[in-house]
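The values are calculated or read from the model by the stated rules, or taken from the named source; none is laboratory data. These numbers were taken from a predicted model, which means no experiment stands behind them. Here the Cβ positions follow ideal geometry from the backbone for every residue, glycine too, while neighbour counts run over all protein chains shown. Heavy atoms of the whole protein, side chains included, go into the accessibility calculation; ligands, DNA and RNA do not. Shrake-Rupley method; radii C 1.70, N 1.55, O 1.52, S 1.80 Å.
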Amino acid sequence: MFSKFRNATDKARKLAIEHQNCLLPFIPCFRNLINMVEQQNSSSKVQASYELCRKTFTPSGAPPSSSATQKLCSLLDTFGPADVGLKEENRDDRGHGMLGLNRLSSVARWAQPITYVDVYECDSFTMCIFCFPTSSVIPLHDHPSMTVFSKVLYGSLHVKAYDWVEPACYPKSKEPGYPSVRLAKLTVDKTLTAPCETSVLYPKRGGNLHCFTAVTPCAVLDILTPPYREDVGRKCTYYHDYPFSTFSRGNGAEIDDEKIDDLAWLAEIDTPDDLYMRQGAYTGPAVQYRVIAESKCNVQTGEAIEMLKFELNR
């Protein structure tokens, strides 16, 4: 799809260069055409989610309003495996979910991959699916300045999640050889079994640092806004959690002794070597993109637009 789109826009650009003097006033028109493809199917839940996300989220990562959050959650709550192209009757315990990947043979369960599937991604949000074999784990990791919607599509998934204690709290002293740690509080420690409500985490609450463990074969639909992007500070960092008693009580935030069991020290770690993922093919309803045409484009501009539309629809 995207290779066709690039070829079409390349041809449109060549035509635009030939008529650049008369096309200069209509550059915004071409920007809209290059960034969006004509909408053809608005009936799927995936399409409805895309439309809602497109209207709600921005690249800046401004948190969505409570009403927008509720509206998206209500829509995601209705999702089942079939809505994203998963066929429950073909479900296996190999991490491929129901995505049509070839089965692996003679491989121990612990070595089975988690399958990651791209549904849609832009500067404002990402829609993706994770399919887990039993006992597979996505280790504790963060979502810096991000809001994440997670919907369990089938199976059971254990979620353990933390938020940082604010103001930041560190141990009073650190023994040689010990890692640098920061205090966090446990906010979620439960198993989600489909059908269940959509979970939401926010930049500073709701369990922004979480770990997923598959209790049974399961799949999760995630919408992240804005997406991970390392060059602007949204890098995925992994952590190891230590019991509160591992380090001396820190300075900073006040600590309620009755809630010590909910506290842990988190240390940054490298991406775990045993995090085994593979890419899967998305087989659900395609996300259709909008094209906004400029009605005031002149003949030359219209010719370029028609060429772009023709190439996209080939």
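Observations, loosely collected:
- Gained length - VAL232 relative to GLU121, 0.36 nm times residue gap less alpha-carbon distance: 38.3 nm
- Heavy-atom accessible area per residue - segment 132-267, 1.4 Å, Å²: 46 Å²
- Amide H to amide H distances under 5 Å link VAL119 with MET127, CYS128, ILE129, where only residues 5 or more positions off or on other chains count and H is placed in the peptide plane.
- Among the listed pairs LYS55/LYS151; LYS160/LYS235; LYS172/LYS204; LYS87/LYS190; LYS55/LYS190; LYS45/LYS190, those with a Cα-Cα distance over 22 Å are LYS172/LYS204; LYS87/LYS190; LYS55/LYS190; LYS45/LYS190.
- Each Lys or Arg adds one and each Asp or Glu takes one away; over the other residues whose Cβ falls under 12 Å from the Cβ of THR187, this sums to +3.
- Per-residue SASA entry for TYR178, accessible area with 1.4 Å probe, Å² rounded to 10: 100 Å²
- The length gained on full extension between THR246 and GLU197, counted as 0.36 nm times the residue separation minus their Cα-Cα distance, comes to 14.1 nm.
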